[in-house]
1. What residues qualify as long-range amide H neighbours of B:ALA134, i.e. H under 5 Å apart, gap of 5 or more or another chain, H built at 1.01 Å from N?
2. Please compute the length gained on full extension between A:GLU168 and A:ALA190, using 0.36 nm multiplied by the number of residues separating them and subtracting their Cα-Cα distance.
3. For the range A:52-59, take each phi angle, set θ = phi - 60°, evaluate the Karplus expression 6.51 cos²θ - 1.76 cosθ + 1.60, and give the result in whole Hz per residue in order, putting x for glycine and proline.
4. Skipping prolines and chain starts, which residues have an amide H placed within reach, meaning under 5 Å, of the one on A:VAL123, given they are 5 or more residues away or on another chain?
5. Cα centroid distance between the range B:160-187 and the range A:41-116, in Å?
6. In terms of modelled amide H atoms, which long-range or inter-chain residues lie less than 5 Å from the amide H of A:VAL94?
7. Output, in nm with one decimal and in ascending order, the distances from the B:ALA148 label point to the matching label points of the other copies (7 Å from Cα along Cα-to-Cβ).
8. Measuring from a point 7 Å out along Cα→Cβ, what nm distances, shortest first, does B:GLU124 have to its partners in the other copies?
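A short reminder: the numbers here are calculations on the coordinates, not readings from a lab. Given the structure is predicted, the values throughout are model-derived calculations rather than measurements. With ideal geometry, Cβ positions are generated from the backbone for all residues, glycine too; neighbour counts draw on all protein chains shown.
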There are 2 protein chains.
Amino acid sequence: MRRPEDRPAALANRRGDAGAEGQDLPEDGGSEESHGLEDEVDASTPESRRLHALLIEFSRYRSLKNPLAGICEDLQLTPTQMHALSWLGNDGPVQVGVLAQRVGITRKTITGVVDRLESMGLVERTRDVEDRRAVVVRLTQPGSNVFARIDRGLDASLRRVLDLMGPEDRDAVFGILERMLARLTAEAEAADDDSQAG
Amino acid sequence: MRRPEDRPAALANRRGDAGAEGQDLPEDGGSEESHGLEDEVDASTPESRRLHALLIEFSRYRSLKNPLAGICEDLQLTPTQMHALSWLGNDGPVQVGVLAQRVGITRKTITGVVDRLESMGLVERTRDVEDRRAVVVRLTQPGSNVFARIDRGLDASLRRVLDLMGPEDRDAVFGILERMLARLTAEAEAADDDSQAG
DNA sequence: TATTGTTATACTCTATAACTATA
DNA sequence: TATAGTTATAGAGTATAACAATA
């Protein structure tokens, strides 16, 4: 294992959870190992195929994804920029590297993204007082305003989805999502304990 | 209102048609009108906020989206290229412009994407015999093989999601998705009738 | 005249490699 | 020596504008 810091780093910030994040960003090498694609190639199940088919049908409806694209256009931002602003809005100031992990791009890439957001006046950089190698990014006031618009736009998209469900289905969905999240959290904690203990 | 067709268009198409599609792409102008963001800005509901919060929690778990990125890396393809190959595999040969709509990019952009896929030998272009202005793209045999790998990779991702649910929740989800799809289809047909009748 | 696709241009995203500063 | 971030370079994605061929 080449990057002993990534697991702790991802865990250290924000809230305790988010355990298994980021260690698979193609940061420094490590792209030769297979991702296990071959192993599970034939493990398709009737249910996965059914879900797959359903999702393909959904994706034919542009009206469902347009709202997001509409926000981009309205605000004259790229998807990556919106993504970065969203995380800054949700998590508050973070180190540049952490933001990169959240958005799912490398640290080299995030530099340019933050550069442009900074030149638009939406974010600002400051040195981390505790670790002077690190740079902390945060939303400016204009950035916060833009974040609020993004957030409202996302909310509007979600309402579109919820409107496709009856009240009972909506309740059911919340229950299901919460149980899934609980399982994910449990998995992450188990993996965490595992890596600490063994 | 510069684009009288955008509302119906977004709903009207989908599937065999391809004729009515894509008018909502920012193809020829029309980026000044608001996307209705302002109108629904304050319409946030407790449920949409709850869903929003849940989805943010989910998105903190990189392990859920990684499989997709892993496929990209394994196959040395960009997300857009994978997206295009997916649609070609699912829908068969289509006009270049239709593919652009499926992927969600403009016709100017799809040209370069198809160029690169063609130079990789994954797709081929032929003139449309019925409309000689148009160009039809289709998967080559190597392209079909790559599509099969993409498809299996996606299936693996879906299995990961399904594994987070108990059997009952899984059944419930299928029912909910099918009802949502039915409602979407009904909306689309209603809008279609509407645009034809009045 | 309108539509399909391409070309030319410019900017953003993205990764890799090399570098600086700090730990 | 390792880590955080930037710079330089190169390739891909993306939109806009101008253009060609066809309808």
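1. Placed amide hydrogens put B:ASP128 under 5 Å from B:ALA134.
2. 4.6 nm
3. Result, rounded to whole Hz: 4, 4, 4, 5, 5, 4, 4, 6.
4. Excluding prolines and chain starts, which carry no amide H, the hits are A:GLU118, A:THR140.
5. If we compute the Cα centre of each part, the gap is 22 Å.
6. Residues meeting the criterion, in which the H sits 1.01 Å from N, are A:VAL137.
7. From this label point to the equivalent ones elsewhere in the assembly: 5.5 nm.
8. Output for B:GLU124: 6.0 nm, nearest copy listed first.
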